[in-house]
Amino acid sequence: MSEVPPYPEGRDILKGKTVLVTASAGTGIGYATATRCAEEGATVMLSDIHEKRLVEYANRLEDKIGRKVHRTLCNVTANDQVAAMIAAAVRDMGRLDVLVNNAGLGGTHDLIDTTDDQWSRILDTNLTGTFRCMRAALPVMAAQDGGVIVNMSSICAWRAEAGQTAYAASKAGILALTRCAAIEAAPQNIRINAVVPSLSLHPYLQKVSDPDHLQQLIRENEVFGRSAEPWEIGNAIVFLASDYASYMTGESLSVSCRRA
């Protein structure tokens, strides 16, 4: 088992940029991404569906970086709330340079046991939620002559796992959505890419998952013998958001050490 590498120092590679991260109040990839973006010099806005948690984590990040962290409530399954979130980002930060579509809903159900409601809830949050946020952000970015969108997919989009039919279908859909939208947005100087992470453990995931199953996934699939740290996924998102990825659009960046 390899050791977790040292936490990286910020290099200001997002200095001067504004970043909005959905579903970013909590212990997972969203908050880790917002933190890494802030540490790289960006002005950030956290968005989440849970008001108490949003305030707590935005205040926590403010204390950590010593400057303002913006925040706004949003349920990505509601068009009016998505529109209000994008408007709040522009109002509070002056512009929207980077949108990270991190909001997602999981669940383990065999296909024959999956109800219409379970299927619809996962697809509506993960795939249609990403679509709604992109649809609202693209005109704003076009009007300001450019921007970046990073969508959150999953290794399940590429590699089969029992019990993940709805989740995997939603995450595979995000990859197709990313590719097609990137072609449409390129003339407006907007880049759209996706991150495809492998297993990243954090307290919330561990709370709602079978710990034996998680450890089995690590033993059987992850060649480093450990799961990814949420900030390691955040690092890849920082790269895609930065000018270092200026010639990448419509791509799916795998952040994985998983066996084929």
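Here are the numbers:
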read-out: Residues (aliphatic (A, V, I, L, M) and buried (at least 21 other Cβ atoms within 10 Å of the Cβ)) located in region 137-147; value: Ala137, Met141
read-out: Unique residue being in contact with a helix residue (DSSP H, G or I) (Cβ under 7 Å, 6 or more places away or on another chain) and either assigned to a loop (DSSP other than H, G, I, E, B) or free of Cβ contacts under 8 Å to residues at least 60 places away in the same chain (or both) when the list is Leu54, Leu14; value: Leu14
read-out: Enumeration of residues in region 78-89 that are in contact (Cβ under 8 Å) with a residue 12 or more places away in the chain and either out of contact with any helix residue (DSSP H, G or I) (no Cβ under 6 Å at 6 or more places or on another chain) or surrounded by fewer than 17 Cβ atoms within 10 Å (Cβ to Cβ) (or both); value: Asn79, Ala83, Ala84, Met85, Ala88, Ala89
read-out: Residue under evaluation Ser254, criteria (1) under 17 Å from Asn102 (Cα atoms); (2) at pLDDT 95 or above, criterion not met; value: (2)
read-out: Flag for Thr33 being more than 26 Å from Ser227 (Cα to Cα), of a type in the set (S, T, N, Q) and at pLDDT 95 or above; value: no
read-out: Region 17-31: number of residues that are of a type in the set (S, T, N, Q), touching a strand residue (DSSP E or B) at 6+ places or on another chain (Cβ under 9 Å) and in a loop (DSSP other than H, G, I, E, B); value: 2
read-out: Hey, Ala34 over 21 Å from Thr128 (Cα atoms), surrounded by 15 or more Cβ atoms within 10 Å (Cβ to Cβ) and touching a helix residue (DSSP H, G or I) at 6+ places or on another chain (Cβ under 9 Å) or not; value: yes
read-out: Helices (runs of 4 or more DSSP H) contained entirely in region 90-192, each with at least 1 residues that are of a type in the set (D, E, K, R) and touching a residue at least 24 places away in the same chain (Cβ under 8 Å); value: 129-143, 165-185
read-out: Residue check for Val44: touching a strand residue (DSSP E or B) at 6+ places or on another chain (Cβ under 8 Å) and in a helix (DSSP H, G or I); value: no
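The values are calculated or read from the model by the stated rules, or taken from the named source; none is laboratory data. Note that the structure is a prediction, hence the values are computed from the model and not measured. Positions of Cβ are generated from backbone atoms using ideal geometry, with glycine treated the same way; all protein chains shown enter the neighbour counts.
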